[in-house]
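Colleague: Got a structure here, written out as structure tokens. Questions coming.
The values are calculated or read from the model by the stated rules, or taken from the named source; none is laboratory data. It should be emphasised that the depicted structure is a prediction, and the values quoted were computed from it without experimental measurement. Positions of Cβ are generated from backbone atoms using ideal geometry, with glycine treated the same way; all protein chains shown enter the neighbour counts. For accessibility, only protein heavy atoms count, side chains too; no ligands or nucleic acids. Shrake-Rupley method; radii C 1.70, N 1.55, O 1.52, S 1.80 Å.
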Amino acid sequence: MQEMRNGRMHFQPVSRDRVLSKFPKVTYSACLPASSEGKAGKCYTPQACLQMKNDWDSQTKAACKDRTTMHQGWDRLKMSKAVIVGDVNVGKTCLINRFCKDVFDRDYKATIGVDFEIERFEISGVPFSLQIWDTAGQEKFKCIASAYYRGAHMIIIVFDMADIKTLEHTRQWSEEAMSENEPGSCSIFLVGTKRDLLAPQERQRTERDAIKMANEMNAEFWSVSAKSGENVQELFFRMAALTFEDSVLKDMELGVTSTTIGGRDDIKSDIANLQEPASKPVKTNCC
Ligand SMILES: Nc1nc2c(ncn2[C@@H]2O[C@H](COP(=O)(O)OP(=O)(O)OP(=O)(O)O)[C@@H](O)[C@H]2O)c(=O)[nH]1
Ligand SMILES: [Mg+2]
């Protein structure tokens, strides 16, 4: 992934479909009623977005442009951690598999404990990786999964748009995931899956309810289908861009000159913990 040559860090190029040069906007179909889809001109719905802007922050742009800063300050790989939570069977694993492997499996295979993927991006010329942690929705695995919430830069709370109860449970998932992290330290995404299963009117109703819930939890709402792939790539690009920018701005605020957000050591220890979950502090009332 990275190697030292002539005293400088060199990163292997990422695949072309992971190169992000422009700030990704939310499209209409991502979060607006079916009646509004396809209208040109507006890209955001104020009710459902974390960021109401069309471009990178000027500080981010400057930092990415400045090759000297990049080589001196970002020698190590920039990396963020995203944790995906939600009820059993809502489609968390399928969502990740659609983005990371471009596959969809109709058969349900429960996630046991936790699983993870690492996706490499190039954002505004800067190598960036996203650790994507897939947790089990089954109650019996909750104590294992919750051990991995800590240190998340992003929490993705998933519900099944065809099963409204799962939307009601997202509040609880949000509280549990946030209880392991500092207030304000993570961005939250509320993601409705199985968009393909709903008729337009029903989808519109569910999206309205989801936007209300997203407002309550200060989250950005997306409606997606892992089956058709609709909005999946857009969602992950948006998450990668927002968390990348966050990490750049935080580095600048702290005056950090050589850092990694998360990092290879973190991956190693997270992977080690995957094999040894009991070494993490576990709540006494669980499992
Ligand atoms: N129609 C449709 N089915 C989906 C979609 N996403 C997932 N599914 C189906 O929903 C079921 C559950 O998907 P998973 O991704 O395994 O669910 P999960 O949330 O990871 O479940 P746990 O690991 O047990 O927590 C599978 O049978 C999938 O084929 C979707 O976008 N559309
Ligand atoms: Mg799963």
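Colleague: Within region 201-233, how many residues are assigned to a loop (DSSP other than H, G, I, E, B) and over 15 Å from residue 168 (Cβ atoms)?
Modeller: 9
Colleague: Follow-up question, since we're still on this one. Being within 17 Å of residue 20 (Cα to Cα) and either touching a Cys at 6+ places or on another chain (Cβ under 6 Å) or within 12 Å of ligand 2 (Cβ to nearest atom) (or both) is the filter here; which residues of region 126-140 pass it?
Modeller: 126
Colleague: Just the residues that are open to solvent by 30 Å² or more (accessible area, probe 1.4 Å), within 18 Å of residue 96 (Cα to Cα) and away from ligand 1 (no atom under 16 Å from the Cβ), please, taken from region 120-172.
Modeller: 120, 153
Colleague: Where residues in region 220-239 are more than 8 Å from ligand 1 (Cβ to nearest atom) and of a type in the set (S, T, N, Q), which of them is surrounded by the most Cβ atoms within 10 Å (Cβ to Cβ)?
Modeller: Going through region 220-239, the residues more than 8 Å from ligand 1 (Cβ to nearest atom) turn out to be 220-223, 229-239.
Those still in the list that are of a type in the set (S, T, N, Q) too: 223, 231, 233.
Details: 223: 25, 231: 22, 233: 16.
The qualifying residue surrounded by the most Cβ atoms within 10 Å (Cβ to Cβ) is 223.
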